[in-house]
Amino acid sequence: MSEAAETKPRVKLLKYNAVAMWRYTFHNEKCGICRTHITQRCLDCVSAGNDVSECKLAWGRCGHCFHVHCIQKWLKTTHTCPMCSQVWEAERITGHNAADEDDSDDEM
Ligand SMILES: [Zn+2]
Ligand SMILES: [Zn+2]
Ligand SMILES: [Zn+2]
């Protein structure tokens, strides 16, 4: 019995059943930050001439999807999803060809 810890640290919600809840539902088909379709490269990659495979997609717990490059820039100033203003928590990073990425799913 210790009463020393009066100030509890803020506990973050741990991942719960992320795999089971995962679904390829596109809530938004365009990146909410650069307005480019998420199957395309972000504007930075277009101007830099990067291949589309270098421009990954970041999926948030809220279901919104952005280019990794876009959300990384966004998160430098704020930590909420640009689309729904929930606290941004990246759930998954995929390539543009999301169907190729089945590292942990046991069903197609
Ligand atoms: Zn973008
Ligand atoms: Zn990019
Ligand atoms: Zn969101």
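Please treat every number below as a calculation from the coordinates, not as lab data. Just so you know, these numbers come straight off a predicted model, no measurement behind them. When we count neighbours, we look across all protein chains shown, and the Cβ atoms used for this are built from the backbone with ideal geometry, even at glycine.
Here are some notes:
- Cα-centre dipole for the range 23-96 with unit charges at Cβ (Lys and Arg positive, Asp and Glu negative), debye to 20: 120 debye
- Ranked by the mean number of other Cβ atoms within 10 Å of their residues, highest first, the peptides 88-95, 45-52 fall in the order 88-95, 45-52.
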